[in-house]
Amino acid sequence: MSNGRDFTSNLGRIYGIYTGGFIAFVILLAILEQVGVPDRIIGYLFVFFTIGIYALIGILSRTMQVSEYYVAGRRVPALYNGMATAADWMSAASFIAMAGGLYAQGYSYLAFVLGWTGGYVLVAVLIAPFLRKFGAYTVPDFLGSRYGGNVARTIGIVILFCCSFSYILGQITGTGIIASRFLGIDFNVAVFVGLVGILVCSMLGGMRAVTWTQVAQYIVLIMAYLIPVVILSAQQTGIPLPQLMYGTVLQEIQNLEQTKPALAGIKPFIQTPQTMTEAANFFALILCLMIGTASLPHVLMRFFTTPSVRDARRSVGWALFFIFLLYFTAPAYASFAKLEVYQNILGADLANLAAIQDLPRWVFIYGGIDLVKICGVNAVDAQTVLAACQAKDVIMLDHTNFSIASDTVVIATPEIAGLPYVIAGLVAAGGLAAALSTADGLLLAIANALSHDVYYRMVDPKASTAKRLVVARTLLVVVAVLGAAVATTRPGGILALVAWAFSLAAAGLFPALVMGVWWKRTTNQGAIWGMIAGFGVTLFYLIMTRYFGMPLWFGINNISAGIFGIPTAFLVTWVVSMMTPAPSKEMQDFVDSLRIPSGATLMDEKT
Amino acid sequence: MAKTLTPEEAERHWARSKGLMWLTLAIWFFFSFVIHFFVDSLNGIVIFGFPLGWYMAAQGSLIVFVILCFWFAGAQNRIDEEFGVAED
């Protein structure tokens, strides 16, 4: 990869070989499994081989140029940037938790599916092309230049840090959970193994290395996500298109819900919001997730790497397409799992041991690692279940006495389909790829804001290229170790951490980014106070409702806190802008030049 | 080197871009929110086993978003080319 031009013109061939090699590797492991190599070894091989490949790409992509380090030399073609963005975007939560959330909550959880996709329309239309034209290295860089310097820049950095750091904790935790579950390593050790995986991919080559590893990680994660459910669909419906075939599954689920005694009183899977509050929460969540998507710095910075403004726009389309492949499959996962539980588990006779032993094998496999509970206890083995159910006087398994952790749906599907362990190992590798790729992007977003915006722009603007890169790499390691250290304290579930980031970013950054381009009259003071007010209101609502028992406003859950912060930020920005003198002629010309794709980027730097 | 626009041309270019922006956001708004208000009536229609209201939230709107992004990229590019401000 020393010769960048050769590399970019051969991308199709390189990733084609990579994909073929990966498939051959999976087949090899399948053969090893058949000849009796133990599951644990297969799992180790999966994890170490894939992390090794990412590390190799990371090392080959090392660079000593500032523009390569921060924006991959702005040479990433739209399609590949789309893949990298998709990997950057889809986290441990998307890969592992989303199908489980759909399984547990049904229709109301589709707010996540909608919110995490529709936001890209806003990225394409309102933000990405203009930031690309501006030629920023980071999001705070844009805020600083548009809104008169270091005050706006600093607020941008604080907001970026708050959302990205909570988000990265979620990814590191996810890495630890997956590695510990599949490899049986201690969680804390697994976190630091994951940390090494993240660092080797990003430290030497910055954005350039992260870009090309993310493309590789996307290929692994999408294959790992699609293969189990495609096979399951072929088994159960005869056609390997789960996304189309789960319609009939939905019908069966609805029939069983109405007829099966063990399901009496269950909330129907496709039940829509029943009250005004439920409906308000559904739509508020969609809005917050969409606007949050369009404001998260680690996503926006991916669009700084395309060769042109036109490619930045097209690349949003590709990113959304690649994300769509996973998100429109998640409901199929949830539905197949739901049907399996309704048909083969609920209604089981709990009065005698033999009947309990007849339950599907995966119930006990995942009960053994605390993920499946029957009659309130982990379904470790039939004996335990029998004792617990006798104590509760339950003789038939109904839906109130059965629960599975939301992480389980994707992980258990290979087992449900009766597939060999190699497929379960593949799913683990996919989950790991999802967590690592997102962590890479986040880590880079945070470290770049510190090294570029704080150090280079504010502390030492005369620093040499070499010194800047040393500082950038040092900060990268510091942030990563800090993240891992905090993650080992297990602060809250993955989704809770990640979900907060969306509302905070949406209220803090979106109005300033959008109005800075679309309303020339936006003044420095307007944007600064708008960011503070939007971020402040959102943070206040999150913290007060979560920790101090403040009653909800209009019944809106705190995950959608941005619904109050976003309008506040727009309003404050507008009012303060109108009260302060219009931006200078120069600033207005600057905004004009952002609006026209042609011409040089406005911030370009000689390297 | 790309040509520089006169202020009038720049204004017309931006007016067209803004028109496209509002149109795109209107479609986005419809498929993000409006259509899901009618989920219960849509669920009365069943296609391939899918209640239509569920389908729109789980797949239909997503497909629209993907197409919308590509369509927008093309349409904005045509505007830029018409004014001679697209990149080479």
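Has segment A:267-280 got at least one residue that is of a type in the set (Val, Ile, Thr), touching a residue at least 12 places away in the same chain (Cβ under 8 Å), over 27 Å from B:VAL34 (Cβ atoms) and more than 9 Å from chain B (Cβ to nearest Cβ)?
no
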For segment A:162-197: of the residues being farther than 30 Å from A:GLY534 by Cβ, touching a residue at least 40 places away in the same chain (Cβ under 8 Å) and of a type in the set (Gly, Ala, Ser), which is surrounded by the fewest Cβ atoms within 10 Å (Cβ to Cβ)? A:GLY184
Of the numbered conditions (1) closer than 25 Å to A:PHE322 by Cα; (2) touching a residue at least 60 places away in the same chain (Cβ under 8 Å); (3) of a type in the set (Gly, Ala, Ser), B:ALA58 fails exactly one; give the number of that condition. (2)
So, in segment A:233-250, of the ones that are closer than 15 Å to A:LYS338 by Cα and away from chain B (no Cβ under 12 Å), which residue ends up farthest from the chain's Cα centre (by Cα)? A:GLN236
For segment A:251-266, enumerate the residues that are under 12 Å from A:TYR342 (Cα atoms) and either free of Cβ contacts under 8 Å to residues at least 60 places away in the same chain or more than 11 Å from chain B (Cβ to nearest Cβ) (or both). A:GLN254, A:ASN255, A:LEU256, A:GLU257, A:GLN258, A:THR259, A:LYS260, A:PRO261, A:ALA262, A:LEU263, A:ALA264, A:ILE266
Every pair of residues 6+ apart whose Cβ atoms lie under 7 Å, when the first sits in segment B:62-79 and is over 17 Å from B:ILE35 (Cα atoms) while the second is among the β-branched types (Val, Ile, Thr) and surrounded by 21 or more Cβ atoms within 10 Å (Cβ to Cβ): B:CYS69/A:VAL121; B:CYS69/A:VAL316; B:PHE72/A:VAL125; B:PHE72/B:THR24
Please go through segment A:353-381 and pick out each residue that is assigned to a loop (DSSP other than H, G, I, E, B) and either closer than 14 Å to A:ALA412 by Cβ or touching a helix residue (DSSP H, G or I) at 6+ places or on another chain (Cβ under 8 Å) (or both). A:LEU359, A:PRO360, A:GLY368, A:ILE369, A:ASP370, A:LEU371, A:CYS375, A:GLY376, A:ALA379, A:VAL380, A:ASP381
Looking only at residues in segment B:25-44 that are facing chain A (nearest Cβ under 8 Å) and surrounded by 18 or more Cβ atoms within 10 Å (Cβ to Cβ), which one is nearest to the chain's Cα centre (by Cα)? B:TRP28
Just wondering, is there one or more residues in segment B:9-19 that are of a type in the set (A, V, I, L, M, F, W, C), within 26 Å of A:LEU102 (Cβ to Cβ), at the interface with chain A (Cβ under 10 Å from one of its Cβ atoms) and part of a helix (DSSP H, G or I)? no
With respect to B:TRP22, is the statement that it is aromatic (Phe, Trp, Tyr), buried (at least 16 other Cβ atoms within 10 Å of the Cβ) and either at the interface with another protein chain (Cβ under 10 Å from one of its Cβ atoms) or free of Cβ contacts under 8 Å to residues at least 60 places away in the same chain (or both) true? no
For segment B:68-88, give me the residue count where each residue is assigned to a loop (DSSP other than H, G, I, E, B) and more than 7 Å from chain A (Cβ to nearest Cβ). 3
Only residues that are under 11 Å from A:LEU397 (Cα atoms) and assigned to a loop (DSSP other than H, G, I, E, B): list them for segment A:332-352, please. A:ILE345, A:LEU346, A:GLY347, A:ALA348, A:LEU350, A:ALA351
List the pairs whose first member sits in segment A:139-152 and is touching a residue at least 60 places away in the same chain (Cβ under 8 Å), whose second member is among the polar types (S, T, N, Q) and assigned to a helix (DSSP H, G or I), and whose Cβ atoms are under 7 Å apart, counting only residues at least 6 apart or on separate chains? A:GLY144/A:ASN150; A:TYR147/A:ASN524; A:GLY148/A:ASN524; A:ALA152/A:ASN524
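A:TYR69: among the hydroxyl-bearing types (Ser, Thr, Tyr), at pLDDT below 95 and under 30 Å from B:MET56 (Cβ atoms), yes or no? Show your work before the answer.
Numbers: among the hydroxyl-bearing types (Ser, Thr, Tyr): yes; at pLDDT below 95: yes; under 30 Å from B:MET56 (Cβ atoms): no.
The answer is no for A:TYR69.
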Given (1) out of contact with any Gly (no Cβ under 9 Å at 6 or more places or on another chain); (2) crowded, with 24+ Cβ neighbours inside 10 Å, where does A:GLY119 come up short, assuming only one miss? (1)
When you look at A:VAL249, is it β-branched (Val, Ile, Thr), in contact with a Leu (Cβ under 6 Å, 6 or more places away or on another chain) and in a helix (DSSP H, G or I), yes or no? yes
What number of residues in segment A:289-311 are assigned to a helix (DSSP H, G or I), under 20 Å from A:TYR80 (Cβ atoms) and within 9 Å of chain B (Cβ to nearest Cβ)? 3
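Give the residues of segment A:100-140 that are more than 26 Å from B:ILE27 (Cβ to Cβ) and more than 12 Å from chain B (Cβ to nearest Cβ), sorted by residue number. Break it down into steps so the answer makes sense when it comes.
Our first condition is that a residue be more than 26 Å from B:ILE27 (Cβ to Cβ); within segment A:100-140, this holds for A:100-101, A:103-106, A:134-140.
Answer for segment A:100-140, where residues must be more than 26 Å from B:ILE27 (Cβ to Cβ) and more than 12 Å from chain B (Cβ to nearest Cβ): A:GLY100, A:GLY101, A:TYR103, A:ALA104, A:GLN105, A:PHE134, A:GLY135, A:ALA136, A:TYR137, A:THR138, A:VAL139, A:PRO140.
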Any residue in segment B:45-67 that is under 21 Å from A:TRP318 (Cα atoms), more than 7 Å from every other protein chain (Cβ to nearest Cβ), surrounded by 15 or more Cβ atoms within 10 Å (Cβ to Cβ) and touching a Ser or Thr at 6+ places or on another chain (Cβ under 7 Å)? no
Just one of A:GLY43, A:GLY82 is in contact (Cβ under 8 Å) with a residue 12 or more places away in the chain, closer than 24 Å to A:ALA224 by Cβ and in contact with a Leu (Cβ under 6 Å, 6 or more places away or on another chain); which is it? A:GLY43
Name the pairs whose Cβ atoms lie under 8 Å apart, with the first residue in segment A:344-363 and touching a residue at least 40 places away in the same chain (Cβ under 8 Å), the second aromatic (Phe, Trp, Tyr) and surrounded by 12 or more Cβ atoms within 10 Å (Cβ to Cβ), and 6 or more positions between them or separate chains? A:ILE345/A:PHE402; A:LEU346/A:PHE402
Could you list, in sequence order, all residues of segment A:555-607 that are closer than 19 Å to A:VAL514 by Cβ, in a helix (DSSP H, G or I) and either within 14 Å of another protein chain (Cβ to nearest Cβ) or touching a strand residue (DSSP E or B) at 6+ places or on another chain (Cβ under 7 Å) (or both)? A:ILE563, A:GLN588, A:PHE590, A:VAL591, A:ASP592, A:SER593, A:LEU594
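The values are calculated or read from the model by the stated rules, or taken from the named source; none is laboratory data. Note that the coordinates shown come from a computational prediction; the quantities given were computed from them, not determined experimentally. FYI the Cβ positions are ideal-geometry reconstructions off the backbone, even for glycines, and counts take in every protein chain you see.
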